[in-house]
Amino acid sequence: MFDDIAPEISRRMRGLEERDARDRQDGTPRLERLRQVPRETGRFLALAAASAPPGPWVEIGTSAGYSAMWLALAARERGARLITFELLAEKARIARETIALAGVGDVVELREGDAVDGLAAIDGVSFCFLDAEKDVYLRCWQTVAPKLVPGALFLADNVISHRADMEDFLAAVDSDPRVDSVIVPIGSGVLFARRRSSTAP
C-alpha cells in the first residue's frame, strides 16, 4: 500500500505538507491553516482503515484533503469508498482541488456541509475518522456511535494535544459499553475505538 503510492498523490501530499509547515511558521491564523495530520498519523489511519469490516467509510473534517489521500490508499486496496465532510467553503475548495490533482475521485466523495446532518443518511458505518473543531467531538460521537457496525473502527485526532478541551468526549467514549478504546501516542494523539462484536445497546 505504501510502496506504490501514485506520483500524483505523492506530489500533492508533499505540496500540502510544505504549505502546512509554512502556515505554522508564518503564524497564519488558526482557522485559516490547513491543520492537517502529520505523515505518520496519515500512515496509521491508512493501516487502520485497511483493517475495517465492510461498510461505508466516513471522515469528519476534510480540510485540504491530506488525510483523505492516505485513506484513499486503503480504500483502493479494500475496494471501499470514503465520504468526507467539510464545513468551511474555502477548505472544501482546496479539498476538491486535492481530489482532482491526486486522482482519488474514484474512492473519495467530498460533501460540503455539516457532517452531523449529512450522517443522517449513512448507516452501517465501518470506519470513521474525526478531525474537526474540538467542541463538536462529543456531538459527532453521539451521532456516529449508533451507526457503527460490529468491528467498526472510530478514530479521533488531537486527543493528547487538546485533551483539556475534550474531557466530556473522551469520558463518553471510555464509558461506552459498545466499544473498546485506547489512546495512541502518535502525532497529536489518536483515540482508537473498536465497536464490540456483541449486541451491547
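Which part of segment 118-138 falls in the paramagnetic zone of Asp180, meaning amide N under 19 Å from the point 7 Å along Cα-to-beta-carbon? The answer is 126-128, whose backbone nitrogens lie closer than 19 Å to the label point.
Given R0 = 30 Å, the distance between the Cβ atoms of Glu133 and Arg22 translates into a calculated FRET efficiency of 0.85. Electrostatic tally near Gly151: other residues with Cβ closer than 10 Å to its Cβ, Lys and Arg +1, Asp and Glu -1, net +3. Dipole check for segment 17-75: with +1 at the C-beta of Lys and Arg, -1 at the C-beta of Asp and Glu, and the Cα centre as origin, the magnitude is about 80 Debye.
Helical content of the chain, expressed as a calculated mean residue ellipticity at 222 nm, amounts to -12000 deg cm²/dmol (DSSP H runs of 4 or more residues, -39,500 (n - 2.57) each, divided by residue number, nearest 500). Extent along the principal axes, Cα only, for the chain: 44, 37, 30 Å, with the longest axis given first. The gain in end-to-end length when the Arg14 to Ser51 segment is fully stretched comes to 10.7 nm, 0.36 nm per residue minus the alpha carbon separation.
Laboratory data are not the source of any read-out in this text; all were calculated from the coordinates shown. These numbers were taken from a predicted model, which means no experiment stands behind them. Cβ sites come from the backbone with ideal geometry, for glycine too, and all protein chains shown count toward neighbours.
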